[in-house]
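Worksheet: the structure to be examined is printed underneath.
The values are calculated or read from the model by the stated rules, or taken from the named source; none is laboratory data. Small disclaimer: the values here were computed from a predicted structure and weren't measured. Using ideal geometry, Cβ is built from the backbone for each residue, glycine included, and neighbour counts are taken over all protein chains shown.
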Amino acid sequence: MSFSIDNVSQFINTYYLDPIRGDEGYNPVNTITWAIILGICIFGVFRLLEKLEVKITPRFIASVLPFVLAGSSLRVIEDSPADIFHPPFSYLLITPNIYFLVFAITVVCLWISIRMQKAGLVKDFHLTFAGFGLVWFFINLAVLLHFNSIVYPYVPVFVIVAGTGITFIFYLIARHFKSSIFTNPLNLSILMAHLMDASSTYIGVDHLGYFEKHVVPTYLINLTGTALVMYPLKLIIFIGVLYVLDTQFEDDERSLNLKVLIKMVILILGLSPATRNTIRMMLGI
(Lines give C-alpha, C1' and ligand atoms only; values in the text may rest on other atoms or scores of the structure.)
Protein backbone atom coordinates (compact mmCIF):
# COMPACT_ATOMS: atom_id res chain seq x y z
CA MET A 1 0.00 0.00 0.00
CA SER A 2 2.86 2.36 0.90
CA PHE A 3 4.50 1.71 -2.45
CA SER A 4 1.26 2.42 -4.27
CA ILE A 5 0.67 5.68 -2.38
CA ASP A 6 4.24 6.77 -3.07
CA ASN A 7 3.75 6.09 -6.78
CA VAL A 8 0.54 8.09 -6.88
CA SER A 9 2.20 10.94 -4.99
CA GLN A 10 5.16 10.95 -7.35
CA PHE A 11 2.83 10.88 -10.37
CA ILE A 12 0.84 13.88 -9.10
CA ASN A 13 3.99 15.83 -8.28
CA THR A 14 5.68 15.04 -11.59
CA TYR A 15 2.80 15.75 -13.92
CA TYR A 16 0.71 18.33 -12.03
CA LEU A 17 2.33 20.07 -9.06
CA ASP A 18 5.95 20.46 -10.22
CA PRO A 19 4.94 22.14 -13.53
CA ILE A 20 2.90 24.63 -11.48
CA ARG A 21 5.61 25.26 -8.86
CA GLY A 22 8.31 25.69 -11.49
CA ASP A 23 6.08 27.22 -14.18
CA GLU A 24 7.41 24.51 -16.49
CA GLY A 25 4.52 24.48 -18.91
CA TYR A 26 2.61 21.46 -20.15
CA ASN A 27 3.13 17.73 -20.58
CA PRO A 28 0.84 15.18 -22.29
CA VAL A 29 -0.76 14.11 -18.99
CA ASN A 30 -1.74 17.52 -17.62
CA THR A 31 -2.69 18.74 -21.10
CA ILE A 32 -5.32 15.99 -21.44
CA THR A 33 -6.47 16.56 -17.85
CA TRP A 34 -6.93 20.32 -18.27
CA ALA A 35 -8.77 19.74 -21.57
CA ILE A 36 -11.23 17.37 -19.84
CA ILE A 37 -11.71 19.84 -16.96
CA LEU A 38 -12.28 22.64 -19.49
CA GLY A 39 -14.99 20.60 -21.19
CA ILE A 40 -16.73 19.99 -17.86
CA CYS A 41 -16.41 23.67 -16.92
CA ILE A 42 -18.03 24.79 -20.20
CA PHE A 43 -21.24 23.00 -19.27
CA GLY A 44 -20.98 24.35 -15.72
CA VAL A 45 -20.66 27.91 -17.04
CA PHE A 46 -23.56 27.28 -19.41
CA ARG A 47 -25.82 26.31 -16.50
CA LEU A 48 -24.58 29.25 -14.44
CA LEU A 49 -25.38 31.76 -17.20
CA GLU A 50 -28.82 30.20 -17.58
CA LYS A 51 -29.37 30.65 -13.84
CA LEU A 52 -28.29 34.29 -14.08
CA GLU A 53 -30.60 34.69 -17.10
CA VAL A 54 -27.74 35.91 -19.26
CA LYS A 55 -28.09 35.45 -23.01
CA ILE A 56 -24.83 34.48 -24.68
CA THR A 57 -24.70 37.01 -27.49
CA PRO A 58 -21.82 38.72 -29.33
CA ARG A 59 -22.54 41.73 -27.10
CA PHE A 60 -22.01 39.62 -23.99
CA ILE A 61 -18.81 38.14 -25.44
CA ALA A 62 -17.49 41.65 -26.09
CA SER A 63 -18.17 42.55 -22.44
CA VAL A 64 -16.18 39.50 -21.29
CA LEU A 65 -13.06 40.29 -23.34
CA PRO A 66 -11.72 43.01 -20.96
CA PHE A 67 -11.48 40.31 -18.29
CA VAL A 68 -9.39 38.21 -20.69
CA LEU A 69 -7.01 41.17 -21.04
CA ALA A 70 -7.02 41.66 -17.27
CA GLY A 71 -6.31 38.01 -16.54
CA SER A 72 -3.52 37.83 -19.12
CA SER A 73 -1.85 40.99 -17.81
CA LEU A 74 -2.17 39.65 -14.25
CA ARG A 75 -0.26 36.56 -15.39
CA VAL A 76 2.50 38.82 -16.73
CA ILE A 77 2.73 40.54 -13.33
CA GLU A 78 3.53 37.12 -11.86
CA ASP A 79 6.14 36.58 -14.63
CA SER A 80 7.78 39.92 -13.83
CA PRO A 81 11.29 39.76 -12.34
CA ALA A 82 10.17 42.39 -9.82
CA ASP A 83 8.77 39.51 -7.69
CA ILE A 84 5.57 41.37 -6.84
CA PHE A 85 3.84 38.17 -5.70
CA HIS A 86 5.37 35.39 -3.63
CA PRO A 87 4.48 31.74 -2.92
CA PRO A 88 2.01 30.36 -2.10
CA PHE A 89 -0.15 33.16 -3.57
CA SER A 90 1.96 33.30 -6.73
CA TYR A 91 0.95 29.69 -7.47
CA LEU A 92 -2.60 30.97 -8.01
CA LEU A 93 -1.30 33.08 -10.88
CA ILE A 94 0.19 30.17 -12.85
CA THR A 95 -1.77 28.24 -15.47
CA PRO A 96 -4.21 26.57 -14.96
CA ASN A 97 -4.88 28.00 -11.47
CA ILE A 98 -5.11 31.56 -12.74
CA TYR A 99 -8.03 30.58 -14.98
CA PHE A 100 -10.08 29.62 -11.92
CA LEU A 101 -9.08 32.81 -10.09
CA VAL A 102 -9.96 35.07 -13.01
CA PHE A 103 -13.17 33.13 -13.60
CA ALA A 104 -14.26 33.64 -9.98
CA ILE A 105 -13.56 37.38 -10.11
CA THR A 106 -15.34 37.65 -13.47
CA VAL A 107 -18.45 35.89 -12.16
CA VAL A 108 -18.57 38.17 -9.10
CA CYS A 109 -18.32 41.26 -11.32
CA LEU A 110 -21.02 39.87 -13.62
CA TRP A 111 -23.35 39.20 -10.68
CA ILE A 112 -22.77 42.71 -9.29
CA SER A 113 -23.42 44.25 -12.73
CA ILE A 114 -26.68 42.33 -13.14
CA ARG A 115 -27.81 43.29 -9.63
CA MET A 116 -27.03 46.94 -10.38
CA GLN A 117 -29.19 46.81 -13.52
CA LYS A 118 -32.07 45.15 -11.65
CA ALA A 119 -31.81 47.81 -8.93
CA GLY A 120 -32.06 50.54 -11.56
CA LEU A 121 -28.56 51.85 -10.87
CA VAL A 122 -27.40 51.22 -14.44
CA LYS A 123 -29.29 50.79 -17.71
CA ASP A 124 -27.17 48.06 -19.25
CA PHE A 125 -25.18 45.54 -17.22
CA HIS A 126 -22.97 44.78 -20.24
CA LEU A 127 -21.31 48.21 -20.10
CA THR A 128 -20.85 48.08 -16.32
CA PHE A 129 -19.49 44.56 -16.51
CA ALA A 130 -17.01 45.48 -19.26
CA GLY A 131 -16.05 48.58 -17.26
CA PHE A 132 -14.99 46.45 -14.29
CA GLY A 133 -12.74 44.43 -16.59
CA LEU A 134 -11.21 47.47 -18.25
CA VAL A 135 -10.41 49.13 -14.90
CA TRP A 136 -8.74 45.92 -13.72
CA PHE A 137 -6.77 45.67 -16.97
CA PHE A 138 -5.52 49.27 -16.80
CA ILE A 139 -4.51 48.83 -13.15
CA ASN A 140 -2.46 45.79 -14.15
CA LEU A 141 -0.84 47.73 -16.99
CA ALA A 142 0.01 50.59 -14.62
CA VAL A 143 1.66 48.14 -12.23
CA LEU A 144 3.63 46.50 -15.03
CA LEU A 145 4.84 49.82 -16.46
CA HIS A 146 5.81 50.99 -12.97
CA PHE A 147 8.12 48.03 -12.44
CA ASN A 148 9.23 47.42 -16.04
CA SER A 149 10.29 49.38 -19.11
CA ILE A 150 9.13 48.89 -22.69
CA VAL A 151 11.95 47.03 -24.43
CA TYR A 152 10.44 45.92 -27.74
CA PRO A 153 7.69 48.39 -28.75
CA TYR A 154 7.36 46.82 -32.19
CA VAL A 155 6.08 43.49 -30.80
CA PRO A 156 2.42 44.49 -30.27
CA VAL A 157 2.44 46.24 -33.65
CA PHE A 158 3.65 43.08 -35.40
CA VAL A 159 1.25 40.78 -33.53
CA ILE A 160 -1.79 42.94 -34.27
CA VAL A 161 -0.88 43.73 -37.89
CA ALA A 162 0.07 40.13 -38.75
CA GLY A 163 -2.97 38.63 -37.02
CA THR A 164 -5.50 41.04 -38.50
CA GLY A 165 -3.79 41.07 -41.91
CA ILE A 166 -3.91 37.30 -42.37
CA THR A 167 -7.49 37.25 -41.08
CA PHE A 168 -8.47 39.92 -43.62
CA ILE A 169 -6.90 37.91 -46.45
CA PHE A 170 -8.80 34.84 -45.25
CA TYR A 171 -12.01 36.91 -45.15
CA LEU A 172 -11.52 38.05 -48.76
CA ILE A 173 -11.04 34.44 -49.88
CA ALA A 174 -14.11 33.29 -47.91
CA ARG A 175 -16.20 36.12 -49.37
CA HIS A 176 -15.06 35.20 -52.87
CA PHE A 177 -16.36 31.66 -52.32
CA LYS A 178 -19.52 33.03 -50.64
CA SER A 179 -18.89 31.18 -47.38
CA SER A 180 -21.24 32.50 -44.71
CA ILE A 181 -19.45 30.48 -42.01
CA PHE A 182 -16.08 32.11 -42.58
CA THR A 183 -17.35 35.64 -43.12
CA ASN A 184 -19.24 35.54 -39.83
CA PRO A 185 -17.82 38.31 -37.53
CA LEU A 186 -17.58 36.04 -34.46
CA ASN A 187 -15.84 33.29 -36.41
CA LEU A 188 -13.43 35.80 -37.91
CA SER A 189 -12.74 37.16 -34.41
CA ILE A 190 -11.83 33.64 -33.27
CA LEU A 191 -9.45 33.17 -36.19
CA MET A 192 -7.91 36.60 -35.61
CA ALA A 193 -7.31 35.87 -31.90
CA HIS A 194 -5.57 32.60 -32.70
CA LEU A 195 -3.57 34.10 -35.56
CA MET A 196 -2.38 36.82 -33.16
CA ASP A 197 -1.39 34.01 -30.81
CA ALA A 198 0.50 32.37 -33.68
CA SER A 199 2.17 35.72 -34.45
CA SER A 200 3.27 36.17 -30.84
CA THR A 201 4.68 32.64 -30.79
CA TYR A 202 6.52 33.16 -34.07
CA ILE A 203 8.22 36.41 -33.12
CA GLY A 204 8.99 35.15 -29.62
CA VAL A 205 10.44 31.77 -30.56
CA ASP A 206 12.14 32.62 -33.86
CA HIS A 207 13.45 36.09 -33.04
CA LEU A 208 13.51 36.82 -29.30
CA GLY A 209 14.67 33.56 -27.72
CA TYR A 210 11.45 32.49 -26.02
CA PHE A 211 10.14 28.91 -26.08
CA GLU A 212 6.76 27.25 -26.50
CA LYS A 213 5.23 25.47 -23.48
CA HIS A 214 2.42 23.48 -25.10
CA VAL A 215 3.00 19.89 -26.16
CA VAL A 216 1.82 19.75 -29.79
CA PRO A 217 3.17 23.17 -30.86
CA THR A 218 6.53 22.34 -29.24
CA TYR A 219 6.73 19.08 -31.19
CA LEU A 220 5.86 20.76 -34.50
CA ILE A 221 8.22 23.68 -33.93
CA ASN A 222 11.07 21.27 -33.16
CA LEU A 223 10.11 19.16 -36.19
CA THR A 224 10.04 22.07 -38.68
CA GLY A 225 12.66 24.26 -37.03
CA THR A 226 10.43 27.34 -37.07
CA ALA A 227 7.40 28.71 -35.24
CA LEU A 228 5.93 29.74 -38.61
CA VAL A 229 4.28 26.33 -38.42
CA MET A 230 1.84 27.86 -35.93
CA TYR A 231 0.01 29.69 -38.73
CA PRO A 232 -1.10 26.65 -40.74
CA LEU A 233 -1.65 24.71 -37.51
CA LYS A 234 -4.06 27.34 -36.18
CA LEU A 235 -5.87 27.70 -39.52
CA ILE A 236 -6.32 23.96 -40.05
CA ILE A 237 -7.57 23.32 -36.52
CA PHE A 238 -9.95 26.23 -36.16
CA ILE A 239 -11.35 26.21 -39.68
CA GLY A 240 -12.31 22.61 -38.96
CA VAL A 241 -13.68 23.37 -35.50
CA LEU A 242 -15.77 26.32 -36.68
CA TYR A 243 -17.14 24.34 -39.62
CA VAL A 244 -18.27 21.53 -37.29
CA LEU A 245 -19.81 23.96 -34.80
CA ASP A 246 -21.79 25.78 -37.49
CA THR A 247 -23.01 22.67 -39.30
CA GLN A 248 -23.60 20.04 -36.61
CA PHE A 249 -25.51 21.87 -33.85
CA GLU A 250 -29.29 21.79 -33.58
CA ASP A 251 -31.28 24.94 -34.35
CA ASP A 252 -33.09 25.24 -31.01
CA GLU A 253 -32.27 28.22 -28.80
CA ARG A 254 -30.49 26.25 -26.06
CA SER A 255 -28.19 24.49 -28.54
CA LEU A 256 -27.40 27.78 -30.25
CA ASN A 257 -26.53 29.37 -26.89
CA LEU A 258 -24.21 26.47 -26.09
CA LYS A 259 -22.56 26.83 -29.50
CA VAL A 260 -21.91 30.53 -28.95
CA LEU A 261 -20.53 29.78 -25.47
CA ILE A 262 -18.11 27.24 -26.94
CA LYS A 263 -17.03 29.82 -29.51
CA MET A 264 -16.46 32.34 -26.71
CA VAL A 265 -14.22 29.85 -24.89
CA ILE A 266 -12.26 29.18 -28.09
CA LEU A 267 -11.85 32.93 -28.61
CA ILE A 268 -10.57 33.31 -25.05
CA LEU A 269 -8.11 30.44 -25.50
CA GLY A 270 -6.55 32.37 -28.40
CA LEU A 271 -6.72 35.92 -27.08
CA SER A 272 -5.42 35.08 -23.61
CA PRO A 273 -1.98 33.68 -24.60
CA ALA A 274 -1.69 36.22 -27.42
CA THR A 275 -2.12 39.06 -24.91
CA ARG A 276 0.17 37.56 -22.31
CA ASN A 277 2.91 36.75 -24.82
CA THR A 278 2.72 40.19 -26.43
CA ILE A 279 2.90 42.10 -23.14
CA ARG A 280 5.75 39.91 -21.87
CA MET A 281 7.84 40.39 -24.99
CA MET A 282 7.10 44.11 -25.20
CA LEU A 283 8.48 44.50 -21.66
CA GLY A 284 11.32 42.04 -22.17
CA ILE A 285 10.10 39.75 -19.38
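Could you check, for the range 94-111, whether at least one of its residues is in a helix (DSSP H, G or I), free of Cβ contacts under 8 Å to residues at least 40 places away in the same chain and either of a type in the set (Asp, Glu) or more than 23 Å from Cys41 (Cβ to Cβ) (or both)? Scanning the range 94-111, I find no residue that is in a helix (DSSP H, G or I), free of Cβ contacts under 8 Å to residues at least 40 places away in the same chain and either of a type in the set (Asp, Glu) or more than 23 Å from Cys41 (Cβ to Cβ) (or both), so the answer is no.
Residue by residue through the range 133-147, note down the ones that are among the aromatic types (Phe, Trp, Tyr) and free of Cβ contacts under 8 Å to residues at least 40 places away in the same chain.
Of the residues in the range 133-147, the ones among the aromatic types (Phe, Trp, Tyr) are 136-138, 147.
Within the range 133-147, Phe138 is the sole residue that qualifies.
The set of residues from the range 25-53 being among the aliphatic types (A, V, I, L, M) and either over 21 Å from Asn187 (Cα atoms) or in the same structural domain as Pro96 (by TED's automatic domain parsing) (or both) comprises Val29, Ile32, Ala35, Ile36, Ile37, Ile40, Leu48, Leu49, Leu52.
Could you say which residue among Ser63, Ser72 is among the hydroxyl-bearing types (Ser, Thr, Tyr), farther than 15 Å from Val107 by Cα and part of a helix (DSSP H, G or I)?
Working: Ser63 fails: farther than 15 Å from Val107 by Cα.
Residue meeting the stated conditions: Ser72.
The residues of the range 238-281 that are farther than 21 Å from Val205 by Cα and of a type in the set (Val, Ile, Thr), listed by number, are Ile239, Val241, Val244, Thr247, Val260, Ile262, Val265, Ile266, Ile268. Could you list, in sequence order, all residues of the range 85-103 that are among the aliphatic types (A, V, I, L, M) and more than 17 Å from Phe137 (Cβ to Cβ)? Within the range 85-103, Leu92, Ile94 meet the criteria.
Here Met282 meets each of (1) farther than 14 Å from Ile61 by Cβ; (2) in a helix (DSSP H, G or I); (3) out of contact with any Phe, Trp or Tyr (no Cβ under 6 Å at 6 or more places or on another chain) with one exception, condition (3).
What do you reckon, is Thr57 modelled with pLDDT of 85 or more and either assigned by TED's automatic domain parsing to the domain that holds Ile279 or more than 13 Å from the chain's Cα centre (by Cα) (or both)? Judged against the criteria, Thr57 is a match.
Residue by residue, here is whether (1) at pLDDT 85 or above; (2) in contact with a helix residue (DSSP H, G or I) (Cβ under 7 Å, 6 or more places away or on another chain) holds:
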site	(1), (2)
Ile12	no, no
Tyr15	no, yes
Ile20	no, yes
Glu24	no, yes
Lys51	yes, no
Pro66	yes, yes
Arg75	yes, yes
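Of all residues in the range 106-137, exactly one satisfies the criterion of being among the aromatic types (Phe, Trp, Tyr), more than 10 Å from Phe67 (Cα to Cα) and buried (at least 17 other Cβ atoms within 10 Å of the Cβ), namely Phe125.
Taking into account only those residues within the range 47-70 that are buried (at least 17 other Cβ atoms within 10 Å of the Cβ) and among the small types (Gly, Ala, Ser), which is farthest from Asp197 (Cα to Cα)? By that ranking, first place goes to Ser63.
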